[in-house]
Structures are given as C-alpha cells and as structure tokens.
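The values are calculated or read from the model by the stated rules, or taken from the named source; none is laboratory data. Since this is a predicted model, take the numbers as computed values, not measurements. Note: ideal-geometry Cβ built from the backbone for every residue, glycine included; neighbour counts use all protein chains shown. Please note that ligands, DNA and RNA were not included when accessible areas were found on the heavy atoms of the full protein model with its side chains. Shrake-Rupley method; radii C 1.70, N 1.55, O 1.52, S 1.80 Å.
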Amino acid sequence: MPSTDLPDTGPLTSKSQATLLARETERRRTFAIISHPDAGKTTLTEKLLLYGGAIHLAGSVKSRRAERHATSDWMELERQRGISVTSSVLQFDYEGFRINLLDTPGHEDFSEDTYRTLMAADSAVMLLDNRRGVEDRTRQLFAVCKRRRMPIFTFVNKCDRAGEDPLKLISDVEADLEINCYPVTWPIFRDGAFAGVYDRRRKRVEMFERGLDHGARMTQAQSSDLNEPALVELLGEDAHHRLVQEIGLLDAAGHPFDHAALLTGDLSPVFFGSALTNFGVEPFLEEFLDLAPAPSPHESTAGIVEPTNPEFSGFVFKIQANMDPRHRDRIAFVRVCSGHFEAGMQVKLGRTGKIVRLPAPQQFLARERSAVEEAWPGDVIGVVDKGTLRIGDTLSPNGDVEYRGIPRFAPEHFARIIGTDPMRRKQLDAGLRQLTEEGAAQVFFTEPDGGPNPVIGAVGMLQFDVMLFRLENEYGAPCRIERLPYRYPRWVEGPEAAIERAARGSGRMRLYDAKGMSLLVFDELWTLRSTQQHETTLTFHEVAPQ
Ligand code: G4P
C-alpha cells in the first residue's frame, strides 16, 4: 500500500522533490472502464466512488445526472437528449492510492473521443454482463486497448442474478478476444444465490451479506484453506464441494498467474461480482490497485520519458468546446506524463514553439470543475484553450519532447454536409475547420482542392447530431446532412491510374482528406476485399498514415 505521508512544509530540496514525485507517481492508478451499454458501468463507477468517499450516497451519480438535466450547464444537446456526450475524469482516493477514472460516454452511441480517452489510460477494466459476455461495443474498445498492449482487467457483473456458467464465460472471452484469462476471484453460490467470492491469489474466502438500500457489506473475510471444516460449515456441503472442484479445475487446466503477461495485455485477470449489490466490488478494487500499473514511461522523439523525470510533460488527448456556455471556452484535456505540474506554469508547445501559460487548469469530479494547484504523472488536467492546442500536442518546458501522435480512428459513418443558408458558407467552412482541429469531426472533400459539399466522417452516429448542433449554435451555419451508405474507409497510396480504376464501380466513392490524401470508402466488406485483390499496386491503410 503506498504511503500518503505529506512532505515537510517549507522549500523542497531537489532530493525531497524527487522522492515526492516518485511517491506520487507510484500511488496513482489511471484507468478507463470499457463496456457495452447496460453492462453496469454507471453503477460500478458509482460504487467505486463510494469506496473512495467521493460521494456519500449510492444512487447519487444518477440522481445528480437527473438534477443536472434540469439546470444544465453542459451542452444543451445533452440536456435535450438526456445523455452524456462528453467524457470526464473522476478522481478519488482509496487506501493511499489516488485513482483517476477516465469516464467514457455511456450512451449506446459513442465517438472518437471514447477511443482517444483510452490513449490517456494506463489500464482498462472490461465490464461484462454475466448473461451477455463480450458484446460489440466491448469488442471494439478492447481492440483499441489490445493494440496499445494495455493491461485489461475483466469484471463479470450482475452475478446476483443467474447468468452464463462462469467457466463457459471465461472460455468464450478467451476464444472471442484471443486473450488468456486468469480468474482472480471466483463466485461462490450458496443455495443457488451469489454469496461471496474466493480470491485465488490471496487464498481467501470473502462472503457478503445484502445490506439495506442496494448496498452490501463484506461480512466475513477469512484466509482459509479450502479444506478447512469451518469453511464447509459456512458454505454448506454442496456449495463447498462445487467450489473445491471448480478451483481444482482452474488450478489444473487454467493459465497460471503471470504479472508480466498482465502488464503487456496478454493475460486478463478476471473478477466476479455485482455492482448493484456491491458483492465482489471491494475485493476487485483491492486486487486491481495492487496489480494495475502505476503511470508508465512514454515513448517520445527524445527517447523514453520516465514519469519520474523531474521536468513536466504531457499530451493533449481530447479537446472539448463549450463545456460551459457562459464562458464559451475550449478545454484541452492533458494527460500528465512526467514531472510535477504547478498552476501558472509556462510550457512550450513543441509543434509551434509557442509559449503557453497554464493559468487555471481544471480538474473534474463528474461535471463539477475545480481549479487545481498541482498535478502529478497519471493525472489529467483541463487547460482552458483559446484555439492554440490540437489533439496529440505535447507540452513541456522547452518544447523538445514530442509524444507519439494520437492515432486517428477510422470513421464508420459518412454523410454529405449541406449548408441550408448559402450566405453562410464562410461560417460553415470555419466551423468545419475548427471541429476538425478539435477532433470532433473528420472532414473529407470530393475534389483534391475542396468541392462544394464536404463529406463528414464519424465513429459514432451521435457525432453527426453534435456537429449539426454546434455548427448552427456556435458558428451560425445551419446545415443538414445526407447519409451516405459507406462504412469501410481506406486511405490509398499508389499510382494515380490504379487509384482511379479502383474508384470506379458501384458501392464506393473517392474522397480526399484535409491533407489532400486519397481515400476510398466502400459500402460492403466484400467490395473492399475484391478491390484489394485486383489492385495489387495500391497500399490500403485503415487509418490515415501519419
Ligand atoms: P451502463 O452505465 O453500463 O449503461 O449501465 P447502468 O449502470 O446504467 O446499468 C444498466 C442496468 O443494469 C440498470 O438497470 C442497473 O441497475 C442494472 N445493473 C447494474 N449492475 C447490476 C448488477 O450488478 N446486478 C443487476 N441485477 N443489475 C445491475 P435499469 O433497470 O436499466 O436501471 P435502474 O432502474 O436500475 O436504474
């Protein structure tokens, strides 16, 4: 467990500063929850916050959500749709750890932001419904984590009600996602009801009892040999017999625990629980904090940067406009990668060499902002931006460190955007430019140097609504969209004649991105595949080559 001792007051020597930096880094855990809608992310988040003492009443995340909709200081669209469009960062403490939970949009629709948020996390928790196992959205988000070789923890939720057999669930996850699993906790059923978990690492049985108001307390946690008579008495013979058999099977036939494989994303520790009743949440949290990595080194143009490097550095992973209509500001979310951040600090933007002052960074608890005086590696700060910053920008004292860019993610939906007021063309162009910079939209053109009606691409359908709303409300450019039937974009490189040939035929269209690079968009996977087979001189890229 990390120490929370505060440093001596008074000026810090560089040695005590280094010790403090190492200690603050070590106690941080920055992660995101990935799940399909309805798996229970809101419920689990709320319970985690409850343990952290950040909120006091179960249900308050939801009731606050409802309350805020009455007096929204967030985007009007969110209020109208009753959904969360933007993602925020929740920070709380638990037993000496400082936890940063990067919240991703919970609505069934989502955007590139969801993917980008994962770039700022050090690990992910994959939340599964015990009846549904791996679902589409989980699969997509998992793929992004896997590509980054991030540690992925699995929490099988809703075990308070009958679900898929745990052994089958695990083998389905392994087959579907091509990852090895190691169940750290295993569910114990007594008289058919979920009653506790067995922690295989700690060799401990943890029983729960239902509390009032949807809560639960851990009633008996005891280190126990599986064959102890007291345990037989506690569980009853049947439940005990089943547990011994299952654990025996896991020990004999399952993958062994391997922390190194966990850290490279090759082995997922699995936990069983119920966010609704709290069963299994605390054992999960404790094991998670123990096993999940503290902020790790980042690759940069100046080599590997350790988080304990005394110089502050961080990168922008998300830009959010109009979080507060009263201020009409943009907030750039910066993940701190190294060093100590202090309010008022001046840093250099590597891309332009410009000095940027960071006067009033913000930190977020749900939707409440508060000014922060300092931040450490793993933390996320919100920097008020007047249009200087872009997604992927690196901030550091001398501007000589550049973190590898945040990848673009291939759009999955396309639409032609048509200004409904011809007098407002300039506003439309300016709006599209800014939304592109912010990463809220990907804009493409039908001709190399523009063309009358740009095409916009989005990862989630909801991004279209957000764009239309913002173009009208922020830029005074009312528009409508015409959906296009394409789903599979590929950036293409190769001889012009071959690109032209590949662009002919039905079920496809040729577009140009903002840098003038060609891409072909296809309606069906087989149209794409057959084009790839025919045009062997072309290289097809799923995302724009950087
Ligand atoms: P999401 O953010 O992933 O979309 O899911 P959310 O937490 O909103 O949960 C979706 C539904 O699943 C909710 O039910 C919630 O109560 C339920 N749920 C979450 N965790 C558990 C669990 O551990 N066990 C069981 N049995 N149910 C769980 P709802 O009926 O849609 O909403 P509500 O009326 O309960 O608020």
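Residues in segment 441-465 that are aliphatic (A, V, I, L, M) and either buried (at least 22 other Cβ atoms within 10 Å of the Cβ) or free of Cβ contacts under 8 Å to residues at least 40 places away in the same chain (or both): ALA441, VAL455, ILE456, ALA458, VAL459.
Listed here are the residues, each with its yes/no results for (1) out of contact with any Phe, Trp or Tyr (no Cβ under 7 Å at 6 or more places or on another chain); (2) of a type in the set (Val, Ile, Thr); (3) within 16 Å of the ligand (Cβ to nearest atom); (4) not assigned by TED's automatic domain parsing to the domain that holds GLY350.
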residue: ALA260; (1), (2), (3), (4): yes, no, no, yes
residue: VAL270; (1), (2), (3), (4): no, yes, yes, yes
residue: ALA275; (1), (2), (3), (4): yes, no, yes, yes
residue: GLU306; (1), (2), (3), (4): yes, no, no, no
residue: PRO310; (1), (2), (3), (4): yes, no, no, no
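Condition check ((1) modelled with pLDDT of 95 or more; (2) open to solvent by less than 60 Å² (accessible area, probe 1.4 Å)) across all residues:
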{"residue": "GLU472", "(1), (2)": "no, no"}
{"residue": "GLY505", "(1), (2)": "no, yes"}
{"residue": "ARG510", "(1), (2)": "yes, yes"}
{"residue": "ASP513", "(1), (2)": "no, yes"}
{"residue": "GLN532", "(1), (2)": "yes, yes"}
{"residue": "LEU538", "(1), (2)": "yes, yes"}
{"residue": "PRO545", "(1), (2)": "no, yes"}
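For segment 24-46, the tally of residues that are within 12 Å of PRO307 (Cβ to Cβ) and open to solvent by 40 Å² or more (accessible area, probe 1.4 Å) stands at 1. With a requirement of 2 or more residues that are among the basic types (Lys, Arg), the strands (runs of 3 or more DSSP E) lying completely within segment 257-354 that satisfy it span 330-338. If you go through segment 478-487 one residue at a time, do you hit one that is open to solvent by less than 50 Å² (accessible area, probe 1.4 Å) and more than 30 Å from the chain's Cα centre (by Cα)? Yes, the conditions are met somewhere in segment 478-487. Among the residues of segment 21-48, those that are touching a residue at least 60 places away in the same chain (Cβ under 8 Å) and over 21 Å from VAL281 (Cβ atoms) comprise LEU21, ALA22, GLU24, THR25, GLU26.
The listed residues are ALA458, ALA440, ALA477, ALA497, and the only one of them that is small (Gly, Ala, Ser), under 26 Å from ALA332 (Cβ atoms) and out of contact with any helix residue (DSSP H, G or I) (no Cβ under 6 Å at 6 or more places or on another chain) turns out to be ALA440. Of the set (1) buried (at least 17 other Cβ atoms within 10 Å of the Cβ); (2) among the hydrophobic types (A, V, I, L, M, F, W, C); (3) without any contact (Cβ under 8 Å) to a residue 24 or more places away in the chain, all apply to ALA497 but (1).
For segment 288-310, taking the residues that are of a type in the set (Asp, Glu) and over 20 Å from the mean Cα position of the chain (by Cα), the one that is surrounded by the fewest Cβ atoms within 10 Å (Cβ to Cβ) is identified as ASP290.
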